[in-house]
Amino acid sequence: MNSARPATPGTTRACPHCKATILDSAIICPVCRHHLRFDQRASENTNPSFPALRVEGTTRHPASGEAWEYSMLLTIRNDKGDEIARHVVGVGAMLPDEQRTFTLSVDVFTPAAPKVPGGNRPPGR
Ligand SMILES: [Zn+2]
């Protein structure tokens with residue numbers, strides 16, 4: 001009943017399926033990929049979006065030797081260089097001849113562009 005509620009950018013909530021902390025505006029949970037709601041207004045408000053960054057790398061244990069341990073660390077810094085988030089995303093071990101691929105992706109969600117000529121547009125569009 002609160003369909004005109006203006007969202008505060010960056011507001012978070014817990015995914016009802018997997019309990020991950022996600023954006024309140026998310027329509028699909030990026031962790032468990034469950035649809036969270038079907039809402040035309042929300043759909044309009046979270047588009048357009050664009051992938052700001054995607055980095056992927058693979059490491060392979062050689063065919064012999066003892067198991068390796070790994071730790072995937074993610075940090076976010078603001079424009080002053082201050083660290084605003086630091087999380088260990090995952091840890092584990094690789095046995096001989098196993099490999100792991102690590103992927104980091106950052107998606108940016110922009111407010112809906114006004115439907116008027118000369119309105120805001122996402123960068124590069
Ligand atoms: Zn989820």
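The values are calculated or read from the model by the stated rules, or taken from the named source; none is laboratory data. Predicted, not measured: the structure shown is a model, and the values here were computed from it. Every residue, glycine as well, gets a Cβ built from its backbone with ideal geometry; the counts of neighbours run over all protein chains shown.
Structural remarks
- The residues in region 14-34 that are more than 7 Å from the ligand (Cβ to nearest atom) and either of a type in the set (K, R) or not in a strand (DSSP E or B) (or both) can be counted, and the count is 8.
- Restricting A67, A26 to residues that are at pLDDT 90 or above and of a type outside the set (D, E, K, R) narrows the list to A67.
- Selection from region 61-73 of residues that are in contact with a Lys or Arg (Cβ under 8 Å, 6 or more places away or on another chain) and surrounded by 11 or more Cβ atoms within 10 Å (Cβ to Cβ): Y70
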